[in-house]
Amino acid sequence: MRKLRFLVCLLALAGVPSALYAQINAASAKAGLPAGESIMDRFVEATGGVEAYKKLNNVGMKGSVDMTAMGIKGDVTIYSAAPNLNLTEMTIPGLGKMQEGVDGKLAWSYNAMQGPSIKSGAEAEQELNSAHFRTEEWRTQYSRVETQGLDSVDGEECYRVMLTPKAGPPIFNCYSRNSGFLLKSTVTTISEMGTMEVDAILRNYKKVGDFTMPFQLVQGVAGMTVTINFSEITFNADIPMSIFDPPAEVKALIK
């Protein structure tokens, strides 16, 4: 599934010796907090279960995007597929179509104002890692997961977990103590313009087939709020794999 990408003070923790992580785990256990691994496994089960995820090959999401402060509204479509394919398209009246994707090897973007771009270095590594599709195989995506303590999102108590991906800075997720659902994710995104911290609140979970998914995503970045409401989520739809191919403008840069 499309993974949510989001200069955090705790970035240095990615290089903390493993012995200290063991101490953190021990402290969490003494405090009566579950280990990060068990929280992640519970999230998988709460949203569908390992067996259902193993049968999942693609996900499609369609909805609306609203940047109220800027008076901008539009449509968004996201397609994800195994093993690490992703396409996000946003259409804004007056601004046209903006695209961003991962074809398994390349991470790219294209829009009418800035033109085509192939991402490289740390930015590309983060994009490729975030496109990892197999939710049930989270252990192959993260080198460590550590429970940091309790937090609260929308008045709901949750476990705050630090996930250290194999590429990019750590991600800080909050999982509901009651349901196991992911309620908030804080990620440091990497781009040509530098790094930027993005908060995402996930709400309005609904069951669709074998899975339970959030139908609202509220992102906060640089003082701006972006709300996405999904109207349709599909699984294992008959979509052509060519949909993940970069557009001609991006392919021209490859040549």
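Summary table below
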{"quantity": "Ranked list, fewest to most other Cβ atoms within 10 Å of each Cβ, for Met67, Met162", "calculated": "Met67, Met162"}
{"quantity": "Equivalent ellipsoid, the chain (semi-axes from 5 times Cα gyration tensor eigenvalues, Å)", "calculated": "30, 21, 19"}
{"quantity": "Dipole in debye (nearest 20) - region 14-254, about Cα centre, beta carbon charges: Lys, Arg +1; Asp, Glu -1", "calculated": "280"}
{"quantity": "Three principal axis lengths of region 27-155 [C-alpha, angstrom, descending]", "calculated": "55, 36, 31"}
{"quantity": "Too-long pairs where the Cα-Cα distance tops 22 Å, listed order kept, from Lys55/Lys97; Lys184/Lys207; Lys119/Lys184; Lys184/Lys206; Lys62/Lys105", "calculated": "Lys55/Lys97; Lys119/Lys184; Lys62/Lys105"}
{"quantity": "Of Gln114, Thr227, Ala200, farthest towards positive along the dipole that unit charges on Lys, Arg, Asp, Glu beta carbons give the chain", "calculated": "Ala200"}
{"quantity": "Positive-end residue, the chain charge dipole about Cα centroid, Cβ charges, pick of Met213, Thr188, Val161", "calculated": "Val161"}
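Throughout, read-outs are computed from the coordinates displayed, never taken from laboratory work. As the structure is a computational prediction, the values presented were derived from the model and not from experiment. Don't worry about glycine lacking a Cβ; one is built from the backbone with ideal geometry, like all the others, and counts go over all protein chains shown.
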